[in-house]
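Each reported figure results from applying straightforward, stated rules to the coordinates on display, with no laboratory input. Only a predicted model underlies this, so the values are computations on that prediction, with no experimental measurement involved. Cβ placement follows ideal geometry from the backbone for every residue including glycine, while neighbour counts extend to all protein chains displayed.
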Amino acid sequence: RFYVDAIRATASLNAYLEVYEEEALERAAALDAQRTAGGTFGALHGVVVGLKDVLCYKGHVVSAASRILDGFHAIYHATAVEKLLDAGAIIIGRHNCDEFAMGSSNENSAFGVVKNALDTTRVPGGSSGGSAVAVQAGLCMVSLGSDTGGSVRQPADFCGIIGLKPTYGRISRYGLIAYASSFDQIGIFAGSIEDAALTLEVIAGADAFDSTVSEQPVPAYTQALETVSDKPQYKLAYFREALEHPGLDPEIKAATEAYIKKLSDAGHTVEAVDFELLEYVVPAYYVLTTAEASSNLSRYDGVKYGYRAPCQDMDLTALYKATRSQGFGKEVQRRIMLGSFVLSAGYFDAYFTKAQQVRRILSDRTKAIFSQYDALISPTVPSPAFKFGEMSHDPVEMFLADIYTVFANLVGIPGISIPLFKHSNGMPFGLQVMASHFDEVSLLRISKDMM
Ligand code: GLN
């Protein structure tokens, strides 16, 4: 009831596309009855969770914040959702986001922008903007988003909360609407490292419905946090070029540098490593993700799902064109065209193959780094939350701001944004920590020590 009321009172933030009020209250009552009867509790008994509107929750609308899925209802649970329910969570509603998770500001939703609760003239980040604001404003306890190139870490940074993107393959993607399948990973927004760890423990793990998910056993993350040694000494690296980048806000640079000094003073090893590949990460990301998106989104044709354009006297091609022109927003259309272009016969080698080669080189480099260091640190985003309209006129500028987050998705490693700093404009910003594949234990421990 508390959360239902809070969501109502903050409706102007537009974080929720739908609240499952009656259903959530009924479930809460049932869970409470179970508690008083002395029944067994799941790990998330009574925990109020919200879902980015790209996760399937059986029997409920799922729209990817797009008109093209108009009227579509999920016919099965995403594996992560099923695991939440099995652990006793209460799903309270679905969150607004950028259409098909494409964007960095939540200005690409077909259902209006989401406002940053700390300053409603500013964006919450994206694409999981609604899920970030829901945790920021206390409209649920934890939420699930998706992170293809930063969509959990970047809004967490803009909203002053924790945003965790696990290793690619740590959590099943079954029932997550695809943007770029080799990059997509479900992520977690939380107010504390412990909450993120517990949620991850519940939703991670093998799944017969996703052939890319890992069969590695899920460590007891919460327990691992309790056994942190008193004075741990970490070996940390940062990319020299990342802090020298001309687009980096001077205050974020200064705060990050001061923090690095503080870490070394505390006895940790923090070293700059050369990373001359930094300028290639954003181009490689946008070539590969748009290619995958153009293929993934071809299923929305006006026949199989959701919206269909009025189609009297149309042949099939005209129906496809009309449906897709009307159903998809501008940014999604831009990316489908870009992706079709880089996959086209004449340009495949020049763009797609080249970007795959970059991805391979980045992976090799990543292995080398983590053979020497426990974690890699960087700013999460080069600027704090910006004002509505400030960036949306220039898509390339918006793409370039993903410079620090896309690396983790290109190489599949886990990353987290932890809220450590405050800008003179009053907005929070975070530090990003990345660890080696499937080493969420170190990632969470180091993050806990830093907070
Ligand atoms: N901002 C990035 C993009 O627009 C990240 C999106 C995401 O992680 N879903 O592609």
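For the reader, a short list of remarks on this structure follows.
- Modelled label positions at ARG1 and VAL273, each set 7 Å beyond Cα in the direction of Cβ, lie 5.4 nm from each other.
- Count Lys and Arg as plus one, Asp and Glu as minus one, and take only other residues whose Cβ is under 14 Å from that of GLU21; the net charge is then -1.
- Once the gyration tensor of the Cα atoms in segment 144-229 is diagonalised, the equivalent ellipsoid follows with semi-axes of 21, 18, 9 Å, ordered largest first.
- Among VAL48, SER172, ASN96 the positive-end extreme of the charge dipole of segment 2-226 (Cβ point charges): ASN96
- Debye, to nearest 20: dipole size of the chain, +1 on Lys, Arg Cβ, -1 on Asp, Glu Cβ: 280 debye
- Normalised convex hull volume, segment 279-407, alpha-carbon set, Å³ per residue: 156 Å³
- For segment 202-318, the alpha carbon convex hull comes to 239 Å³ per residue, rounded to a whole number.
- Once Rg and the Kirkwood radius are both taken over the C-alpha atoms of the chain, their ratio Rg/Rh works out to 0.96.
- Bins of 10 Å, starting at 0 and running to the largest distance - Cα pair percent for segment 2-226: 9, 37, 39, 14, 1
- Inter-centroid distance (Cα atoms) of segment 313-386 relative to segment 105-167, Å: 21 Å
- Within the chain, percent of DSSP bridges classed antiparallel, to nearest 5: 65 percent
- Counting only DSSP beta bridges with both residues in segment 2-226, the antiparallel share comes to about 60 percent.
- Helix-derived mean residue ellipticity, 222 nm - over the chain, DSSP H n ≥ 4, -39500 (n - 2.57), to 500: -11500 deg cm²/dmol
- Part-to-part distance (alpha-carbon centres) for segment 21-74 and segment 190-264, which is given in Å: 28 Å
- Residue among VAL61, LEU376, TYR259 farthest towards the positive dipole end of the chain, charges placed on Cβ: VAL61
- Table column - 3J(HN,Hα) (Hz), segment 198-211, Karplus curve with 6.51, -1.76, 1.60, x for Gly and Pro: 5, 5, 4, 4, 6, 9, 7, x, 4, 7, 5, 8, 9, 6
- Dipole moment magnitude, nearest 20 debye, segment 345-422 about Cα centre, only Lys, Arg, Asp, Glu C-beta charged: 220 debye
- Mean Cβ count within 10 Å, highest first, over the residues of peptides 20-33, 124-137, 371-384: 124-137, 371-384, 20-33
- Segment 77-157 pair-distance distribution - Cα-Cα, 5 Å bins, rounded %: 3, 18, 26, 23, 18, 9, 3, 0
- Dipole magnitude (debye, nearest 20) for segment 274-336, charges at Cβ of Lys, Arg, Asp, Glu: 460 debye
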